[in-house]
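Taking it in order: structure first as structure tokens, then the write-up.
The values are calculated or read from the model by the stated rules, or taken from the named source; none is laboratory data. Being a predicted model, the structure only gives us computed values, none of them experimental. Neighbour counts are summed over all protein chains in view; Cβ atoms, including those assigned to glycine, are modelled from backbone coordinates with ideal geometry. We work out accessible area using only protein heavy atoms, side chains counted, and drop any ligands, DNA or RNA first. Shrake-Rupley method; radii C 1.70, N 1.55, O 1.52, S 1.80 Å.
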Amino acid sequence: MNLNAEQKDELFQLRLTSKLDSRTTACRVRVDHSTPSNPVVLGFTQYRQTDAFVKATAQEVYGPDPVEVQLDILEEQSPAFAAVHESFAPVWRNPDSSDPEKLDTQALYGAVVRTYHEDSSYTFVQHSDGYVGYMPTSSLTPVSAENYLAWKNGPHAVTLKPLNAGGAVIPPGARLSHKKDSVVLPCGSELPVSPDQAAFFDPSRSSFVEALEKRAAEFMNSPYLWGGKSADGIDCSGLVQTLALQEGIFLPRDASMQCHVGEIVGYLPDYADLLPGDIMFFMNDKAYVFHVGIYLGNHTYLHSAGSTGPTKSSVYPEGTNYMSRYGSSFVYARRIHR
């Protein structure tokens, strides 16, 4: 079937959106036909794997002549962060607030988001629930990676009632770093809070991973079995689903479904923002999450690998039982425990 340029563009975008969930995967591309040479794909994507997928899809649609792909890979940037200093900040699908149906979500006061680049008066961000989109730059205060790490991995409070923080109202459901009897505001000042105003959590004190390792002992001698969920044979997502369920947490069955559950982590180099018990996900060059494991701390994770069944592996090549197929394909983790 011979397609014209407009039809190829439409097919290209349909293939991308069928594989890449634009709500949680940064991929914004367009095709430039302004020159008489081959089409040029411009824009940005999030991971090396999604870049490879876009290139392969472009070649399939626009081939047999070569197509040029010029994409920025966002994960190659040094991580940068900002905190929301207004009661809430909208996250738009595009850098444009004129269409209310393109409002995807909101970030509440105190939320620390990863920032990528500015577009006009908007900043492209990723929220802790995984959503990506454009947030008004005026709603954000840049913060350091240390501030992000304290907010993500340290003690925090979730507000139960509205609080007055100077010129802004902190709504119920806002999350802020917690010190003694106060919460830390984006400007760095502290606001006293009482137990009836906020609930307090410390993810670094979770006993979740200790329980998982204890339960995992029942499966360590099991062979790998695609689709398996028992000691007679178990696959990677079956192991994670079963261990989580034994601790009262229900996860979907497959890695490609589990990767949407929980708080997104894994931005910092050297896995610095992972905590034991975080669920690690691995993506192939077709932009498909094909593997999952549980981070145990000390740069080690538990997973059921096709050649061995349940095993512990290092995330680094110099570590014990490093598996290159997985070490090179990690994309992010999700936190499902408190």
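At a probe size of 1.4 Å, how large is the accessible area of residue 323, to the nearest 10 Å²?
30
Kindly provide the pair-distance distribution of the chain built from C-alpha pairs, with 20 Å bins from 0 and whole-percent values in order of increasing distance.
Result returned by the calculation: 28, 53, 18, 0.
Let me know the volume per residue of the alpha-carbon convex hull for region 110-186, in Å³.
98
Where nothing but the Cβ of Lys and Arg (+1) and of Asp and Glu (-1) is charged, how large is the charge dipole of the chain around its Cα centre, in debye to the nearest 20?
On the way: 27 positive and 38 negative charges, 153 e Å.
In debye, rounded to 20, the chain gives about 740.
Would you calculate the volume per residue, in Å³, of the smallest convex hull containing every Cα atom of region 1-144?
124
Among 171, 276, 317, whose mean-square fluctuation peaks in a Gaussian network model of the chain (Cα, cutoff 10 Å)?
It is 317.
Which net charge results when you count Lys and Arg as +1 and Asp and Glu as -1 among the other residues whose beta-carbon is under 9 Å from that of residue 57?
Net charge in that neighbourhood comes out at +2.
Treat each spin label as a single point 7 Å out from the Cα along the C-beta direction, and report the residue 19 to residue 288 distance in nm.
If labels sit at residue 19 and residue 288, their model points lie 0.9 nm apart.
If you average the sequence gap of Cα pairs under 8 Å that are 6 or more apart and divide by the length of region 108-180, what percent do you get for the contact order?
Numbers: 101 pairs, mean separation 21.6, N = 73.
It rounds to 30 percent for region 108-180.
Length gain on complete extension for the stretch residue 308 to residue 102, per 0.36 nm per residue less the alpha carbon to alpha carbon distance?
Taking residue 308 through residue 102 to full extension adds about 69.5 nm, to one decimal.
Quote the relative contact order of the chain in percent (integer), defining contacts as alpha-carbon pairs under 8 Å separated by 6+ residues.
Relative contact order comes out at 13 percent.
Report, to the nearest whole %, how much of the accessible area of region 280-324 belongs to carbon and sulfur atoms, 1.4 Å probe, protein only.
49
Suppose all protein chains stay in the model; what accessible area per residue would a 1.4 Å probe give for region 194-236, in Å²? Don't skip to the end; give the middle numbers.
Details: 2660 Å² over 43 residues.
Solvent-accessible surface per residue comes out at 62 Å².
With viscosity set to 1.567 mPa s and temperature to 4 °C, compute the Stokes-Einstein D of region 63-126, Rh being the Kirkwood radius across alpha carbon pairs; µm²/s, no decimals.
94
With viscosity set to 1.002 mPa s and temperature to 20 °C, compute the Stokes-Einstein D of region 92-247, Rh being the Kirkwood radius across alpha carbon pairs; µm²/s, no decimals. Could you put the intermediate results ahead of the total?
Working: Rh = 18.6 Å.
Taking Rh from Cα pairs, D becomes 115 µm²/s.
Rg to Rh ratio, region 235-338, alpha-carbon atoms and Kirkwood radius?
0.92
Once you place label points 7 Å from the Cα toward the Cβ at residue 217 and residue 179, how far apart are they in nm?
Once both label points are built, they end up 4.1 nm from each other.
What are the aspartates and glutamates whose alpha-carbon lies under 14 Å from the alpha-carbon of residue 19, with same-chain residues fewer than 8 places away excluded?
Of all the aspartates and glutamates, those that pass the test against residue 19 - Cα under 14 Å, at least 8 places apart if same chain - are 51, 285.
Relative contact order for region 161-245 using alpha-carbon pairs under 8 Å, separation at least 6, rounded to a whole percent?
Reported as a whole number, the value is 14 percent.
Given a 1.4 Å probe and heavy atoms of the protein chains only, how would you sort 11, 160, largest accessible area at the top?
Final ranking, largest accessible area leading: 160, 11.
Considering the chain as a Gaussian network with a 10 Å cut-off on Cα pairs, which listed residue, 216, 231, 287, attains the greatest mean-square fluctuation?
Looking only at 216, 231, 287, the largest GNM fluctuation is found for 231.
Once amide H atoms are placed 1.01 Å from N in the peptide plane, what residues at a sequence separation of 5 or more from residue 107, or on another chain, have their amide H within under 5 Å of its amide H?
Under 5 Å from the amide H of residue 107 lie the amide H atoms of 89, 91, each far enough along the sequence or on another chain.
Of 73, 35, 97, which is farthest towards the positive pole of region 1-134's charge dipole, taken about the Cα centre with +1 and -1 on the beta-carbons of Lys, Arg and Asp, Glu respectively?
About the Cα centre, the residue reaching furthest to the positive side is 73.
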